[in-house]
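Trainee: One structure follows; several queries about it will come next.
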Amino acid sequence: MAPIIETRDLTHVYGIGTPFEHCAIDRVNFRVERGEFLGIIGHTGSGKSTLIQHLNGLLKPTSGQVLIDGEDLYQSKEFLRKTRFRVGLVFQYPEYQLFEETVYKDISFGPKNMGLDAKEVDRRVREAAGFVGIPEDALQKSPFELSGGQKRRVAIAGVIAMEPEVLILDEPTAGLDPRGSREILANIRDFQKANGAAIVMVSHSMEEVAKHTDRIVVINDSHIAMDGTPREVFTHADALLSMGLDVPQITRLFLRLREMGLPVDASVYTVEQARDQLLSRKGGGAGC
């Protein structure tokens with residue numbers, strides 16, 4: 001089965017013909033599989049945001065293609081319009097884009113633009129609010145009365161209400177405290193499980209990427225440097241560090257243990273994996 005999104009030799013150059021000309025992504029071949037949770041990591045300026053803004057047509061390629069279900073995104077204006085409902089994009093700090101009088105109206109903006117009837121719009125608003133933990137009594141409040149974390153939830157609900165097949169999130173937990181981050185990611189997981197949607201998450205948090213994603217794509221200097229499962233990617237911790245990226249704290253700890261001469265596998269990326277490895281070594285030493 002073809003991936004739901006695919007790019008072929010995708011290139012985007014900013015400021016063509018000016019002194020500021022810059023190739024942000026260069027001949028990138030990338031895919032999003034149906035129903036997967038994909039993480040994208042890379043240092044600032046590597047091309048991550050440029051890449052994801054091509055996936056629903058917010059940016060047009062300088063060259064190359066973006067395919068949705070195997071069809072060119074730019075085959076017609078109507079296909080492009082429909083794709084923007086199928087592929088939802090949540091920008092970093094999306095709460096700054098709230099503008100309606102009430103939370104309900106903000107969440108309903110996308111479904112109304114899809115031409116849905118009032119009953120279907122209402123269902124989607126209330127369901128999306130439930131996914132992100134917005135209580136019923138908050139729907140008639142002004143979004144500007146809410147806390148920063150609640151505003152983030154409203155903004156995400158506005159995209160979820162369109163019931164996209166692919167939900168793309170650019171740093172969804174930026175600026176949130178640990179509890180808020182955990183709750184937002186749990187909300188996103190709930191939406192994925194209920195709808196079978198693919199999730200694409202750009203994040204600087206290696207712990208979040210390690211814990212939640214099925215596959216990780218590493219962008220470095222406008223190219224894809226790595227593409228694999230979390231274990232496959234974090235096996236190359238030294239290479240990630242050389243790119244100016246971080247690795248999960250537990251991976252960094254095991255790298256240090258290995259440098260100290262302990263025979264550990266530094267590809268671990270969760271606390272559970274570290275525990276299991278240490279317990280197995282302890283057991284082996286006891287002759288079990």
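Coordinate-derived values only; no laboratory data. None of these values were measured; they are calculated from a predicted model. FYI the Cβ positions are ideal-geometry reconstructions off the backbone, even for glycines, and counts take in every protein chain you see.
Trainee: Divide, for segment 39-173, the radius of gyration over alpha carbons by 2.2 N^0.38 Å, where N is the residue count.
Mentor: Ratio of Cα Rg to 2.2 N^0.38 Å: 1.11.
Trainee: Can I ask one more? Add -39500 (n - 2.57) for each DSSP H run of 4 or more in the chain, then divide by its residues: what number comes out at 222 nm, to the nearest 500 deg cm²/dmol?
Mentor: Roughly -12000 deg cm²/dmol at 222 nm, from the helical runs in the chain.
Trainee: Okay, moving on. Can you give the charge dipole size of segment 17-92 about its Cα centre, rounded to the nearest 20 debye, using +1 on the beta carbon of Lys and Arg and -1 on the beta carbon of Asp and Glu?
Mentor: Dipole about the Cα centre, nearest 20: 220 debye.
Trainee: Pull up the DSSP beta bridges for segment 5-247 and report the antiparallel fraction as a percent, rounded to 5.
Mentor: If we restrict to bridges inside segment 5-247, about 55 percent are antiparallel.
Trainee: While we're here: For Cα pairs less than 8 Å apart in space and 6+ apart in sequence, what is the mean separation divided by the residue count of segment 162-288, i.e. the relative contact order in percent?
Mentor: After rounding, I find 18 percent.
Trainee: Per residue, how much space in cubic angstrom lies within the convex hull of the C-alpha atoms of segment 157-278?
Mentor: Value for segment 157-278: 127 Å³ per residue.
Trainee: Around Phe37, what is the net charge, scoring Lys/Arg as +1 and Asp/Glu as -1 over all other residues with Cβ under 9 Å from its Cβ?
Mentor: Charge balance near Phe37 sits at 0.
Trainee: Would you work out the relative contact order for segment 5-247, in percent, from Cα pairs under 8 angstrom that are 6 or more residues apart?
Mentor: It comes to 27 percent, rounded to a whole number.
Trainee: Out of every Cα-Cα pair in segment 77-126, what percent are more than 15 Å apart?
Mentor: Tail of the P(r) past 15 Å holds 55 percent of the pairs.
Trainee: To the nearest 0.05, what FRET efficiency results for Phe20 and Phe109 with a Förster distance of 41 Å applied to their C-beta separation?
Mentor: E(calc), rounded to 0.05, equals 0.75.
Trainee: How long are the semi-axes of the equivalent ellipsoid of segment 5-247, defined as square roots of 5 times the Cα gyration tensor eigenvalues? Whole Å, largest first.
Mentor: Result for segment 5-247: semi-axes of 30, 22, 16 Å.
Trainee: Starting from the 7 Å offset along Cα-to-Cβ, what nm value, one decimal, do you get for the label separation of Glu136 and Leu257?
Mentor: Between Glu136 and Leu257, the label points sit 5.0 nm apart.
Trainee: While we're here: Return the aspartates and glutamates within reach of Lys77: Cα separation strictly under 20 angstrom, same-chain partners fewer than 8 residues apart disregarded; answer none if there are no such residues.
Mentor: Cα-Cα hits under 20 Å: Glu6, Asp69, Glu165.
Trainee: Placing +1 at every Lys and Arg Cβ and -1 at every Asp and Glu Cβ, with all other atoms neutral, what dipole size does the chain have around its Cα centre, in debye to the nearest 20?
Mentor: Its charge dipole is roughly 320 debye.
Trainee: I've got another one for you. Would you kindly calculate the translational diffusion coefficient of segment 219-278, applying Stokes-Einstein with the Kirkwood radius from alpha carbon pairs, for 25 °C and a viscosity of 0.890 mPa s, and quote it in µm² s⁻¹ without decimals?
Mentor: 204 µm²/s
Trainee: Treating the Cα atoms of segment 138-204 as identical point scatterers in vacuum, please give the log10 of the normalised Debye intensity I(q)/I(0) at q = 0.16, 0.22, 0.23, 0.24 Å⁻¹, two decimals.
Mentor: -0.55, -1.00, -1.07, -1.14
Trainee: Let me ask you something else. What is the sum of charges, Lys and Arg at +1 and Asp and Glu at -1, for the other residues whose Cβ falls under 13 Å from the Cβ of Asn220?
Mentor: -2
Trainee: Additional query: Could you pull out every one of the aspartates and glutamates with an alpha carbon less than 12 Å from that of Lys141, ignoring same-chain neighbours closer than 8 positions?
Mentor: Answer for Lys141, where 12 Å is the Cα cut-off: Glu100, Glu101, Asp106, listed by chain and number.
Trainee: Okay, next question. Calculated FRET efficiency, Glu71 and Val271, Cβ-Cβ r, R0 51 Å, to nearest 0.05?
Mentor: 0.75
Trainee: Same structure, new question: For a quick check: with amide H placed at 1.01 Å from N, whose amide H comes under 5 Å from Leu89's, ignoring anything fewer than 5 positions away on the same chain?
Mentor: Ile168
Trainee: Right, another one. Nearest 20 debye, what's the magnitude of the dipole of segment 1-48 about its Cα centre given +1 on Lys and Arg Cβ and -1 on Asp and Glu Cβ?
Mentor: Computed charge dipole of segment 1-48: roughly 60 debye.
Trainee: Along its three principal axes, how long is segment 1-115 when you only count alpha carbons? Whole Å, largest extent first please.
Mentor: 43, 38, 29
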